[in-house]
Amino acid sequence: MENDRQNMRSAEVAGQPEELAALRRENDSLSGQVKELVRAEGTLYRYQEQLDVQLREYQELYQFNRKLSASQELPDIFAHAAQFIINNLGYERVLFFSFDAETDRYAVCALDGYYRAEDSAAVGALTIARTDPLLAPLYAGEACLIHLSGRRHQGLEGLASAMMVSEYLLYPLGSHDRPVALLAVGNSPDQAPFCRRVSDSEMSLLGIGNLAGLLSSTIENQILFASTKKALEQERLAEAKYRGIFENAVEGIFQTTPQGRFLSCNPATAEILGYGSPEEVISSLTDVTSQLYVIPEQRKALFKDLLQGRPVKGFEVRFYRKDGRERWVRLSIRPSFEPEGELLHLDVIMEDISDRKQVEKAIRKLNEELEQRVVDRTRALESANAELKQLSQELESAYTDLKQTHSRMLQQEKMASIGQLAAGVAHEINNPMGFIISNLNTLGKYAQKLTGFIGLQGEAIETLSRENGRSDVAKDIPTSWRIWII
Amino acid sequence: MGTLAGVGHSTNRNPSAAGKEAAAKALERAGIATPDFVLVFATVGYDQQQLIDAIREATARAPLCGCSGEGIITRESFAETNFGVCVMVMASDEIRFEGACVKGIDRHAGAAGERLGTALKPLLAPDTGACFLFADGLSFNFDPFLASFQQSLGREEPLPIFGGLAADNWALQKTYQYFNEEVFSEGMVSFLMSGSAEIAWGINHGCVRVGSKRTITRCEGNIIREIDGVPALDALKEYLDADWMTQWNKSSLNLCLGFKTPEHIRQGYEDHVIRYMPGKNDQEGYVTIQSEVAEGTELWIMRRNKELISSGMAAISHQLKEKLAQRKPKFILHFECVGRGKVVFRESEKGELISAMQRELGSEAPWIGFYSYGEIGPISSHNCFHNFTAVVAAVY
């Protein structure tokens, strides 16, 4: 530019008006080009920013879609979508209404962007009747309801007020005639300038429209998935149930070809037959007739019934185990036939009855032993009975003797008692008697001495009487004394 | 202890949750529970009071300063969104942070500067090394502010001022300033940094001239009424998009005014200082800028140049690395013009540009900043106002 001006000045100085005019034209042209360039650059930057926003939006939508694919529950889907709408699409508030068949209303099931507890509590209780005329355009196929700030529409305004927004979009999710949910996004008047504005322009609706479409198909897929999942779950449960029975049954369950090759078997079959696994049974036993049956002819005999379509029940047979030992098994066999009537395979339930057989044998042996013991005992008892009789007689005799002895002993006892009594009495008498006797002896000695004295006195008296003529002195002695003196 | 600092951010749409999350991350990274000082930058989609309340609660009500921006800048995020917040917490036994605020600038930036200077003067200490300023980007006029501020502060050597003007994501309606628990508009918040810390910084704009020299032929204060004798808007509209009348906030970004860098700072800077035109008057045909201008001032219409911006960022890194000389910064503040963000760079380009600078300056220092409506940073010991510029200041 500076050069241009210098050139122009030079031209003026040189007095070359044509050249000067040409330079001015060139200058104007260049200036115009620069201005155009600056404007174009501004436009470019603006498009670039918009492109960046759109690109980011698509990238985020793609990421969100992947996240959505991993979500299988509606509440998760709504929660993720609410986050996406707030954080990525830039709307201030979002509400999901799910249809409640019982009340025939759409009720808020997820929300975001309400950051005051009282606000979220209020909108959380919001419901819309399925029959609300507001929703009729959606049922008729409208992509969404649009309420712009300041626009008058009684129904839409009422819902705006209830949702605490001044502008919003309402999308049906799922099929239009019977949406399973509704999606509302919007902004409050205060926050609208800082959020993605609600607009009816195609560009503005692109992001949220894409999301609503994505959510609709996800929800439909989810519903389909849920029903498929339910059916699969039922099938899985049934399969698991029968698989459980098959795997955990105590009885062996297996299929064999008519030729005697195992097709399948459960673990119990392997265990009964002494193999490590069902696979080992299948690979090892290629001819059950010869490899299993202790008496191969028994299997051949079974085929008479089986070929006629008659199942076999409770057939007891001995099988060889892997280790060569024999096991008793009880077989129930059902034949399966091809539509053409050819025997296809045999479904067999095998019960290991070896223990039962052993027990039965033991019981039989025990019975025999018992019977023998009864006989022996009877015999012993008869013998004992005779001895008993003999003994009884002896006992009777002994008893009689005993009674007599007892009687005698009783008598002796009585006598002993009397003796004892008498001894006691005698003892009681003997003492005083001893005393008396002892004193009597002493008294005797005294009496003897007195007698001697009396004799001496008598002699003295006699002597004296004789000497004095008086013989009556003896008369003065009491009679009782005389006795003792005598 | 030294200085422990940590930065956390959140883009959660819930203001309480966002504030709590950003503060919790910052505290965790700083390894502290109770900070001495909290710096906050957030965008305007949030309920600002709810946001600040949550941060205050999470940071033990430590002194807080900050403002709204068009976007936030941290090591992990350069989010130009309506819902983003970043928080830096600091605890230090070597640096002190003391702040003040002024409300109601109301186009009287000179008076506001005087009030702020008066409020900060008692907090000045011999070891005060820098002043950080965050002012309303819609009602700020730097030149009268600076004159009265420096005068009322009364320092012989001007205190270096760093900062940015609060933004509101192009709404051009209301920006916010934060001071402790208060959230207000049309004000300014500032804090002084004292103690044993130094500051290194780099400033670069990356704009080029378009066309020839113009002259301001009529103006008053920060209003440019005529350029080359025609209404300013008439002189400019040829360069603007077709919808410039209704989309001025974005259209005006593609065009800025360049004034010859004053002689006293020319040595440390580029040829032009750049001015954004945040306001216009269609009837009277004038535009407003964020500093004073005088009649007869030469100006050039300028445009951003991506290559120059990129090389300018690299130049800032080199400049800072040279000044730091192997010393590790305690934290880094970054004030980036809104005109240098997503309106000119694609997301990936912008991310790579800032990340490259962050990598260059080391991956450890806490890094916080915002996209502003104007940047403040000294050139050759003169405090200057900038537009379309990046100001990066490393405290070490």
| field | Size-normalised alpha-carbon gyration radius of the stretch A:71-227, reference 2.2 N^0.38 Å | value | 0.96
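Highest mean first, how do A:76-84, A:332-340 rank when packing is the count of other Cβ atoms within 10 Å averaged over residues?
A:76-84, A:332-340
Looking at this model, which pairs from B:260/B:306; B:306/B:350; B:328/B:350; B:213/B:260; B:250/B:280 are more than 18 angstrom apart at the alpha-carbon?
B:260/B:306; B:328/B:350
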| note | Note to self: C-alpha centroids of the stretch B:203-257 and the stretch B:274-334 sit apart, in Å, by 15 Å
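Within the stretch B:254-353, list the GluC sites (Glu not before Pro) lying in a DSSP loop whose Cβ has at most 15 other Cβ atoms in a 10 Å radius. The partial results should precede the final answer.
Working: sites: B:263, B:270, B:284, B:292, B:295, B:298, B:307, B:322, B:336, B:347, B:349, B:352; in loops: B:270, B:284, B:292, B:295.
When the GluC sites (Glu not before Pro) of the stretch B:254-353 are filtered for loop state and at most 15 Cβ neighbours within 10 Å, B:284, B:295 remain.
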| task | Have a look at A:350, A:370, A:337 and report the one farthest towards the positive end of the charge dipole of the stretch A:322-384, computed about the Cα centre with Cβ charges (Lys/Arg +1, Asp/Glu -1). | result | A:370
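Rank the residues A:253, B:224 as a footprinting-exposure proxy: fewest other Cβ atoms within 10 Å of their Cβ go first.
Starting with the residue having the fewest Cβ neighbours, the order is A:253, B:224.
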| query | Of A:291, B:223, A:397, which is farthest on the positive side of the dipole of the protein assembly as shown, counting Cα position, with +1 on Lys and Arg Cβ, -1 on Asp and Glu Cβ, and the Cα centre as origin? | reply | A:397
| said: 5 Å is the cut-off here: which amide hydrogens, built 1.01 Å from N in the peptide plane, fall below it relative to residue B:162, excluding neighbours closer than 5 in sequence? | reply: B:131, B:132, B:133
| task | Under a cut-off of 29 Å between alpha-carbon atoms, report the lysines in cross-link reach of residue A:403, not counting same-chain residues fewer than 8 places apart. | result | A:389, A:414
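To one decimal place, what Kirkwood hydrodynamic radius in Å is obtained for the stretch B:120-193 from all pairs of distinct Cα atoms?
Values: mean 1/r = 0.0753 Å⁻¹.
Result for the stretch B:120-193 stands at 13.3 Å.
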| How about the stretch B:21-61: which chymotrypsin sites (Phe, Trp or Tyr not before Pro) there lie in a loop by DSSP and see at most 15 other Cβ atoms within 10 Å? | none
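Kindly state, to the nearest 0.05, the FRET efficiency for residue B:283 paired with residue A:30, given R0 = 41 Å and r defined as their beta-carbon distance.
For residue B:283 and residue A:30, the calculated efficiency is 0.80.
First check a/c for the stretch B:293-396, with a ≥ b ≥ c the square roots of the eigenvalues of its C-alpha gyration tensor; if it is under 1.5, answer rounded, and if not, answer prolate when a/b is larger than b/c or oblate otherwise. Mind showing how you got there, number by number?
Numbers: a/c = 2.09, a/b = 1.37, b/c = 1.53.
Taking the square roots of the gyration eigenvalues as a ≥ b ≥ c, the stretch B:293-396 is oblate.
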| field | Added length on full extension, which subtracts the Cα-Cα distance from 0.36 nm per residue, residue A:176 to residue A:387 | value | 65.1 nm
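Kindly put B:73, B:289, B:32 in sequence by how many other C-beta atoms sit within 10 Å of each C-beta, fewest to most.
On the way: B:73 30, B:289 26, B:32 21.
Exposure proxy ranking, most exposed first: B:32, B:289, B:73.
Please give me, ordered by residue number, the GluC sites (Glu not before Pro) of the stretch A:22-83 that lie in loop per DSSP and have at most 16 other Cβ atoms within 10 Å. Don't skip to the answer; put the middle values down first.
Working: sites: A:26, A:36, A:41, A:49, A:57, A:60, A:73; in loops: A:73.
Passing sites in the stretch A:22-83 are A:73.
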| message | On a straight-distance basis, which lysines could pair with residue A:357 in a cross-link, Cα separation under 25 angstrom, same-chain partners fewer than 8 positions away excluded? | response | A:300, A:313, A:322, A:365
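Rule-based calculations on the coordinates, nothing more; no lab input. Keep in mind that this is a model prediction, so the values were computed, not measured. For neighbour counting, all protein chains shown are included, and Cβ atoms are generated from backbone atoms with ideal geometry for every residue, glycine included.
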